[in-house]
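K.L.:
Below is a structure I'd like to ask you about.
The values are calculated or read from the model by the stated rules, or taken from the named source; none is laboratory data. Keep in mind the model is a prediction, meaning the values are calculated, not measured. Note that we place each Cβ from the backbone using ideal geometry, even for glycine, and neighbour counts take in every protein chain shown. What goes into the accessible areas is simple: the full protein's heavy atoms, side chains included, and nothing from ligands, DNA or RNA. Shrake-Rupley method; radii C 1.70, N 1.55, O 1.52, S 1.80 Å.
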Amino acid sequence: MIPSPLRAGLAIVCMLSYTAGTARADDVPSSRPLRWDPAWSHAGAADYVVGGLGLGVLGVEAIWLEPQQPSLHWSGPLLFDQDVRDILRGSTAQVRYDATIASWAMLGVTIAYPVVVDVPYAWSRYGKQVAWDLFWQDAVALSLVSTTDLAVRNLVGRARPSVSDCLAAGGSASRCLGTDTEATMSFPGGHVAIATTGATLTCTQHLSMHLYGAPWDAVTCGSAIGVDFTMGVLRIVTDNHWATDIVAGSVLGFAVGWGIPVLMHLHRHGDSRNDTGILLAPTPIAVDHGAGIGVTGML
């Protein structure tokens, strides 16, 4: 039997899919065609380089870092963390489990929607070039946020709330941490960082390009934000994260989800170049026991 939170997550998938369906080609008013500023740039070498490097670094991280438990550097609540946890934490193991299943479903919705729904829709409605542009905006943003999230969580080494409780009660680090490689990977909230990137991509692309036409672009953006926010709350209900983890994940996700399409493409060409005519693009880089983002200059 499917847990009720998961059914809710699947219902949201259907709702968002219906939103796209109601905006199919013959429903989009001819007076509201795709908005594409001639000054915007299409997907090109910078996307292929950054996206390829992002996936490559992510693969290395998954093989090298994921099997290891990061060193513990930070434990305990910060600011409003404990108050929020007291209010939202699931009261039973079953509630926390159901919230975990639902949060995974919602993560899938937010990252799949711009790729699985909008890219094919754009291809059928506006042609291959627009679909290609959307795909590479999505690919670069999602690979970068995944790479950065995993690197930061490994470098920061913050204990999960339950682990912090164990340590605060006088438990030894070896007993409290155990063999769980995720025990010290609380900050930032990984689900939220990636989901917020997907939701922000959806909003940025729809509100900039008018993919569906009014009012569906606003409805789609609002739905994506709603799913993302709900998932962030559920990650606290599950007791996997502190509230500050969620805030940090949201900030990271917004920066990448907005920054990649806007700074790399949806702006005037001159805005992305310095006086020497070099295009500056964010690039994932590997460092000792972690990774981060650097800058690549391309003529």
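K.L.:
Quick check: net charge around G253, other residues with Cβ under 10 Å of its Cβ, Lys/Arg +1 and Asp/Glu -1?
P.N.:
Value of the local net charge: -2.
K.L.:
Still on this structure: Taking +1 at the Cβ of each Lys and Arg and -1 at the Cβ of each Asp and Glu, which of L155, T204, A224 sits farthest along the dipole of the range 145-242 towards its positive end, judged by Cα position relative to the Cα centre?
P.N.:
In the range 145-242, that residue is L155.
K.L.:
Also, quick follow-up: Return the sequence-ordered ³J(HN,Hα) values of the range 93-104 in whole Hz as given by the Karplus equation 6.51 cos²θ - 1.76 cosθ + 1.60 applied to θ = phi - 60°, using x for Gly and Pro.
P.N.:
With coefficients 6.51, -1.76 and 1.60, one gets 4, 5, 4, 5, 5, 4, 5, 5, 4, 5, 5, 5 Hz.
K.L.:
On the full set of protein chains, 1.4 Å probe, figure out the accessible area of E66 and give it in Å² to the nearest 10.
P.N.:
Approximately 60 Å² of E66 is accessible to the 1.4 Å probe.
K.L.:
Right, here's the next one. Just to confirm a number: summing +1 for Lys and Arg and -1 for Asp and Glu over residues other than D86 whose beta-carbon lies under 15 angstrom from that of D86, what do you get?
P.N.:
Surrounding charge for D86 is -1.
K.L.:
May I ask you to give the solvent-accessible area per residue for the range 198-262, in square angstrom, as obtained with a 1.4 angstrom probe?
P.N.:
Dividing the accessible area of the range 198-262 by its residue count gives 29 Å².
K.L.:
Students often check this: by mean Cβ neighbours within 10 Å, which of 123-136, 101-114, 188-201 ranks highest, and how do the rest follow?
P.N.:
Result, highest mean Cβ count within 10 Å first: 188-201, 101-114, 123-136.
K.L.:
Still on this model: Would you mind telling me the share, in percent, of accessible area of the range 140-242 contributed by carbon and sulfur at probe 1.4 angstrom?
P.N.:
66
K.L.:
Now for a separate question. Net charge within 11 Å of E61 by Cβ-Cβ distance, Lys/Arg positive one each and Asp/Glu negative one each, not counting E61 itself?
P.N.:
Computed value for this residue: -1.
K.L.:
What's the ranking of 36-49, 139-152 by average number of surrounding C-beta atoms within 10 Å, highest first?
P.N.:
The packing order, highest mean first, is 139-152, 36-49.
K.L.:
Could you give me the ³J(HN,Hα) list for the range 173-187, computed from phi with Karplus coefficients 6.51, -1.76, 1.60 and θ = phi - 60°, whole Hz, x at Gly and Pro?
P.N.:
Going residue by residue, I get 4, 5, 6, 5, 7, x, 10, 6, 5, 8, 4, 10, 10, 7, 10 Hz, with x marking Gly and Pro.
K.L.:
Sorted by mean Cβ packing within 10 Å, highest first, what order do the peptides 76-87, 237-248 take?
P.N.:
Packing order, densest peptide first, comes out as 237-248, 76-87.
K.L.:
Could you please put R158, R175 in sequence from largest to smallest accessible area, using a 1.4 Å probe?
P.N.:
So, going from the largest accessible area down, we get R175, R158.
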